[in-house]
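Asker: Questions regarding the structure given below will be posed in turn.
Just so it is clear, none of the values below were taken in a lab; they were calculated from the coordinates. Remember, it's a predicted structure, so these values are computed and weren't measured experimentally. Don't worry about glycine lacking a Cβ; one is built from the backbone with ideal geometry, like all the others, and counts go over all protein chains shown.
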């Protein structure tokens, strides 16, 4: 099968997956217990007000009409109107997306670089102190609950150390910028980086261990291969053997892992965003789930599933580039 | 690689050390101000958002914010009360948690049985064990003392008393078998009863309260079990399906008047999604509640009806109060002029007079404060934003026709300087004509004068669009007219004293902005620039503060309205310095110089390494 036929088949599969996902996303939230109205149980919202809300949200219409409205909202790009804020979901997503991409993008990049680097080092020097330290540290940090580490870092660097050091070390308690932010652009950029540090570090510490352990395991397998022995016999520098021969041959599985983590870059990190009051997609989605805000859940999950599906497609397509043995 | 990380660490340390730490301000003793109040005194209020209580508590202790409301964890109360830079306040609020019985089902349809169970709720143990005795107060009354004149203290109460519970059951014909299990008056064992509570993961204290109560019920021989379900399931089963025996739930922000009693106990609200979840159907209670809600022409008349209604409600024992949470608030020393609002507290949503009167000690006018907004601000659309957190901001930007005394709840003039009420008969119907006289010196934030046309527009707009948050307040309005720019006539169905309160409390929106709005639901006035005035948004009200800047999800900066019609007599003082922040900014700018230097250094080191390798 040639590349074009393979591409066409994968594309058709992708379209089917999108349709099934979109349909499931609509019905799953309606099967879930509870309805959005239940959150207006407050006596300040008497029955006539709740009924007016049902009309406003379109929940008084039959399910098939709601489904058609949902589909048209998805494909007109607005993704519907949030029950809770009455804003277009796409506007709310776009407002938060830069923050999430900044946090998740930077932490994922660092996590991948650090994880792969340590994994390669540990795998290529099996049994060494570096190996033992990497595995121990990787296992330890991967097992830490993110809320615990996040709160620990926040209280240490944003409260206790500022008090102890008289403000010499002082990270922000919350937010993506100071309140109010610096008026000048360079100051603003620095301010954002300052706010980014703790949540980013939290995510990196929690997540890099997974990469380290997997890459280490792959590297151990690869380093026992005959062609590595041949390379060593040829007298190639160790660095060239590890990175040029060893790492390159494990790139396909790594690229799958990286591809799957792309949806996380858009989807955000619920707990970390909450702990650091980070105005991102993860927290947005979490609040929407708590409040049964169907349009937000549907719209956001639609975006996330699209990113995942497309990332999978792209990863499949670039496999051939990474591994010359693969033929379509 | 490791060198790069070392460089990043150095860079971080530089950034960190270039930022300063702002500790507290001088202390003072709070003092209530006399009413009525002219304001605002402050130049600026900065409302900021923290997503977790840990962050909010750290922020106030650190000096990042001045005011924090809604403190509910005993550990936080301990920590904050020990901080020498903070004052902490406790206020009774109109909040309560209750156990409700489904009166449609046996054996809970028996009043005697419900009364016996009501005596089995260990309120003191709940308050002391689960809330360390400081966050909540055990509650015996449906309408708590926080309601002032509307609270009837002479009603049947059900303090924890298992012996009394057994006596009630015995006198009601109940008995016990050899194993100590309860037998009904018909001689048969009582069926198994479920007690729905939220799950331990979702609401640990509610779960524990249900557990403690279930244990007490088991002790008297009732075959009862706890059924933890997700919060959503609980609400659906209780509110919509009515498929429950007993449940536990809390409600807050009950308002100044016990109007919810109508929703909670009138038989017309025993419908799916109606609030009469226990299924109370009592003709006398229906009559009393209807009289209170729709027919009382004076507050005295309403008071008589609602006092009697409370006696009936207590006797029915369909809901049994368990506890009420205090409104606990903390503020940094150095603030004065805060006003206690009965049932609300000092600083939280609804504490309007505080923000009108608040100032820094020694600075009668000027200065700024940073306030934790409390939770997610979903929208600043004044017609849609009905949550407590957005109301905290919206009520400072938009005014209403009338206000209320923070202590007595008595209606007082605001945008309307005065009013006249006429009770009339139209055909066979009683109607009420309320004539408002508006203050003449009120302007919108953009300088346009406020006239009766704006108020007429607001009422008609709400009615035409069936705006959920206000529809129940405005639905009895038959006609609105504006004979002159400062007179407004509103004709309403019925002659209830709530008519004045209802129309006097709706938000007033500017006609010149809102008449061009195509869809009121999706209109976000804070995100659209004002068509004429540069620097303003369409978030135009007549209120004491103007929205000057916002970053949704982060902060909202409110600037004092210089033309406010109740402006505090101008005392020209400079805006209180934000010296430390400005200094921080300068240092951050300095750190920008450090970054290129570091980058050059890193580049140099990498280059040197590569060169040395080649050699």
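Asker: Once you keep just the Cα pairs under 8 angstrom separated by 6 or more residues, what percentage relative contact order results for chain A?
Answerer: On the way: 377 pairs, mean separation 90.0, N = 328.
Rounded, it is 27 percent for chain A.
Asker: In whole angstrom, and with the biggest value first, how far do the Cα coordinates of segment B:394-454 range along each principal axis?
Answerer: Projected onto its principal axes, the Cα set of segment B:394-454 covers 45, 32, 20 Å.
Asker: If you don't mind, another one. Evaluate the distance, in nm, between pseudo-label points positioned 7 Å from the Cα of residue B:81 and of residue A:60 along their respective Cα→Cβ axes.
Answerer: Between residue B:81 and residue A:60, the label points sit 5.0 nm apart.
Asker: Under 18 Å from a point 7 Å along the Cα-to-Cβ line of residue B:125: which residues of segment B:222-261 have their amide N that close?
Answerer: Within reach of a label on residue B:125: B:222-227, B:248.
Asker: Where does each of B:263-275, B:515-527, A:109-121 land if you order them by average Cβ count within 10 Å, highest first? If you can, show how the numbers build up before the last one.
Answerer: Working: B:263-275: 18.5, B:515-527: 15.8, A:109-121: 21.0.
Highest-to-lowest ranking by the protection proxy: A:109-121, B:263-275, B:515-527.
Asker: Find the all-direction average of the projected area of the Cα convex hull for segment A:94-208, expressing the result in square nanometres with one decimal place. Write out the running numbers ahead of the final one.
Answerer: Values: hull surface 36.1 nm².
Result: a mean projected hull area of 9.0 nm².
Asker: Helix-only estimate, please: 222 nm mean residue ellipticity of the protein assembly as shown, summing -39500 (n - 2.57) across DSSP H runs of length 4 or more and dividing by its residues, to the nearest 500. Let's see the in-between values first.
Answerer: Details: 30 runs with 415 residues, N = 943.
After summing the helix terms and dividing by residue count, I get -14000 deg cm²/dmol.
Asker: On average over all directions, what projected area in square nanometres does segment A:33-184 have, based on the convex hull of its Cα atoms? Could the numbers behind the result be given before it?
Answerer: Values: hull surface 68.6 nm².
Mean shadow area of the hull around the Cα atoms is 17.2 nm².
Asker: Please compute the Kirkwood hydrodynamic radius of segment B:100-184 from all pairs of different C-alpha atoms, in Å with one decimal. Walk me through the intermediate numbers first.
Answerer: Working: mean 1/r = 0.0677 Å⁻¹.
Result for segment B:100-184, one decimal place: 14.8 Å.
Asker: How big is the C-alpha Rg of the protein assembly as shown next to the rule-of-thumb value 2.2 N^0.38 Å, as a ratio? Don't skip to the end; give the middle numbers.
Answerer: Numbers: Rg = 31.8 Å, N = 943, 2.2 N^0.38 = 29.7 Å.
Expressed relative to 2.2 N^0.38 Å, the Cα Rg reads 1.07.
Asker: Using only Cα atoms, figure out Rg for chain A and give it as a multiple of 2.2 N^0.38 Å.
Answerer: 1.22
Asker: Taking every Cα atom in segment B:44-199, find the radius of gyration and the maximum pairwise distance Dmax, and write them in Å.
Answerer: 21.8, 72
Asker: What is the calculated FRET efficiency for residue A:236 to residue A:317, with r their C-beta to C-beta distance and R₀ = 35 Å, to the nearest 0.05?
Answerer: Numbers: r = 31 Å, r/R0 = 0.90.
Computed FRET efficiency for residue A:236 and residue A:317 comes out at 0.65.
Asker: Still on this structure, I have one more. DSSP beta bridges in segment B:152-310, what fraction antiparallel, as a percent rounded to 5?
Answerer: On the way: 3 of 11 bridges.
So the antiparallel bridges in segment B:152-310 amount to around 25 percent.
Asker: A further question follows. Could you work out, residue by residue across A:45-56, how many beta carbons of other chains sit within 10 Å of that residue's beta carbon, and then give the average as an integer? Can you show the working numbers first?
Answerer: Numbers: counts 6, 11, 10, 5, 10, 5, 4, 9, 5, 2, 2, 6.
Other-chain Cβ atoms within 10 Å of each residue's Cβ, averaged: 6.
Asker: Provide, as a two-decimal number, the C-alpha radius of gyration of segment A:92-153 over 2.2 N^0.38 Å, N being how many residues it has. Numbers along the way, then the final one.
Answerer: On the way: Rg = 15.5 Å, N = 62, 2.2 N^0.38 = 10.6 Å.
Dividing the Cα Rg of segment A:92-153 by 2.2 N^0.38 Å gives 1.47.
Asker: Taking each residue of A:144-156 in turn, how many C-beta atoms of other protein chains fall within 10 Å of its C-beta, and what is the average? All intermediate terms of the calculation are to be shown ahead of the outcome.
Answerer: Working: counts 0, 0, 0, 2, 0, 0, 2, 4, 0, 0, 4, 4, 0.
Per residue, the average neighbour count from other chains is 1.
Asker: What Rg and what Dmax come out for chain B when only alpha-carbon atoms are used, in angstroms?
Answerer: Taking only Cα atoms of chain B, I get Rg and Dmax of 28.8, 108 Å.
Asker: Ranking request for peptides B:307-320, B:484-497: highest mean number of other beta-carbon atoms within 10 Å first, then the rest in descending order.
Answerer: Working: B:307-320: 21.8, B:484-497: 18.9.
Peptide ranking by packing, descending: B:307-320, B:484-497.
Asker: Please average, across the residues of A:161-169, the number of beta carbons from any other chain that are within 10 Å of each residue's own beta carbon, and give a whole number.
Answerer: That works out to 5 on average.
Asker: Would you mind ranking B:97, B:250, B:47 so that the residue whose beta carbon has the fewest other beta carbons within 10 Å leads the list?
Answerer: Details: B:97 20, B:250 17, B:47 25.
Fewest-to-most ranking of B:97, B:250, B:47: B:250, B:97, B:47.
Asker: What residues from segment B:422-455 fall in the zone where the backbone N is under 16 Å from a label point 7 Å along the Cα-to-C-beta line of residue B:479?
Answerer: What the label zone holds, given the 16 Å backbone N cut-off, is B:422-436.
Asker: At residue B:549 and residue B:446, where each label point lies 7 Å from the Cα along Cα→Cβ, what is the point-to-point distance in nanometres?
Answerer: Output for this residue pair reads 2.3 nm.
Asker: Once you keep just the Cα pairs under 8 angstrom separated by 6 or more residues, what percentage relative contact order results for segment B:181-291? Please list the in-between numbers first.
Answerer: Working: 151 pairs, mean separation 25.8, N = 111.
Result for segment B:181-291 is 23 percent.
Asker: Quick one: if you stick a label point 7 Å off each Cα along the C-beta vector at residue A:48 and residue A:152, how many nm between them?
Answerer: Going by the 7 Å Cα→Cβ label model, 5.7 nm.
Asker: Also: Hey, what did chain B get for relative contact order, percent, Cα under 8 Å, at least 6 apart? Working shown, then result.
Answerer: Details: 1194 pairs, mean separation 129.2, N = 615.
Reported relative contact order: 21 percent.
Asker: Continuing with this model, one more query. Per 10 Å bin, what percent of the C-alpha pairs of segment A:47-93 does each bin hold, from zero upward?
Answerer: With a bin width of 10 Å, the distribution comes to 26, 49, 23, 1.
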